[in-house]
Amino acid sequence: MTQREETNADALRELLQRAERAVVFTGAGISTESGIPDFRSPGGVWSRMAPIQFDDFVRSEDTRREAWRRKFEVDRDIGVAEPNHGHRAVASLVHRGVASCVITQNIDGLHQRSGIPEERIVELHGNTTYASCLSCGTRYELPPIREAFESHGIVPGCDACGGLVKAATISFGQSMPEQAMARAEEETLACDLFIAIGSSLVVYPAAGFPILASRNGATLVILNREPTELDSLADLVVNAEIGETLARATGAN
Ligand code: NAD
């Protein structure tokens, strides 16, 4: 780490020590050290193709087939990924009672795998490690869907109601999960320190939470390798790698 990065990590440690109730907000950047490409990194599957819109998924069987093909391609990275230093540092903040919860845009399930209890994680964009029926909500595990898709080209439908089955993520154009949005707002308004980690902060409504925290008087910290859209609002901007910065700021490894 450079001297500046160390100084900023130490400033974050002090803010964490003083905080009464912190909220951690994460984006794809916290999972790149686990081998999952972020949205905007060159070469990643997300950057090579325009995202599939929810309406197109609903309207067209061909689009659903393409969505499942892409999903199983992305799963090659997600399936082998393990939580990294950043996830473990965030878990330590939750376990020590410093952070009340993690609000995440990620769909990879790595915060759960790092040991954070489900009730302390607010998933704004759903979770790609299972699927569900868009009509009745029945949950489906992925291995049988993948087997039928790859062996016989079958695009899944719901056994219970005949509805469309989709990975349990929120696609562009799909409505946001109401409960998760309400909980994220409540947590944001209750915190005195809000730390946005590994997000370019351009995807809304998710990026509205750091803005809300700041307007409500919380201290806002942005930890990201490169500048973000909201840096001018932040009390502390740390442009550095997430794993080593959080390891230093939390004492976890
Ligand atoms: P983003 O790709 O827009 O931004 C990620 C940011 O993290 C970038 O600014 C990048 O510079 C930074 N970054 C990457 N690795 C870093 C590191 N090791 N240290 C410091 N900074 C690092 O991601 P976003 O803001 O989360 O928005 C993308 C959308 O795509 C989200 O809605 C998310 O749901 C989805 N997505 C999720 C995953 C996942 O679950 N892991 C992966 C890709 C995309």
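The values are calculated or read from the model by the stated rules, or taken from the named source; none is laboratory data. Nothing here was measured: the structure is a model prediction, and the numbers come from that model. As a convention, Cβ positions derive from the backbone with ideal geometry for all residues, glycine included, and neighbour counts pool all protein chains shown. Please note that ligands, DNA and RNA were not included when accessible areas were found on the heavy atoms of the full protein model with its side chains. Shrake-Rupley method; radii C 1.70, N 1.55, O 1.52, S 1.80 Å.
Based on what the data block shows, is P177 within 18 Å of the chain's Cα centre (by Cα) and crowded, with 16+ Cβ neighbours inside 10 Å? Can you show your working first?
Numbers: within 18 Å of the chain's Cα centre (by Cα): yes; crowded, with 16+ Cβ neighbours inside 10 Å: yes.
Answer is yes for this residue.
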Check: Of (1) surrounded by 19 or more Cβ atoms within 10 Å (Cβ to Cβ); (2) without any contact (Cβ under 8 Å) to a residue 60 or more places away in the chain; (3) more than 12 Å from the ligand (Cβ to nearest atom), P83 satisfies all except one. Which?
Finding: (3)
Item checked: Residue among A67, A89, A9 that alone is open to solvent by less than 40 Å² (accessible area, probe 1.4 Å), among the aliphatic types (A, V, I, L, M), in a helix (DSSP H, G or I) and assigned by TED's automatic domain parsing to the domain that holds V155 -> A67
Note to self: Looking at G97, G137, G163, can you tell me which residue is surrounded by fewer than 17 Cβ atoms within 10 Å (Cβ to Cβ), in the same structural domain as R65 (by TED's automatic domain parsing) and under 22 Å from the mean Cα position of the chain (by Cα)?
What the structure shows: G137
Note to self: Could you go through region 46-55 and let me know if any residue there is under 21 Å from Q174 (Cβ atoms), at pLDDT 95 or above and assigned to a helix (DSSP H, G or I).
What the structure shows: yes
Margin query: Restricting to region 185-215, name every residue that is assigned to a loop (DSSP other than H, G, I, E, B) and among the β-branched types (V, I, T).
Written below: V202, V203
Margin query: For region 186-204, give me the residue count where each residue is among the small types (G, A, S) and more than 16 Å from the ligand (Cβ to nearest atom).
Written below: 1
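When the residues of region 113-128 are narrowed to those that are part of a strand (DSSP E or B) and touching a helix residue (DSSP H, G or I) at 6+ places or on another chain (Cβ under 7 Å), which ends up surrounded by the fewest Cβ atoms within 10 Å (Cβ to Cβ)?
Result: T128.
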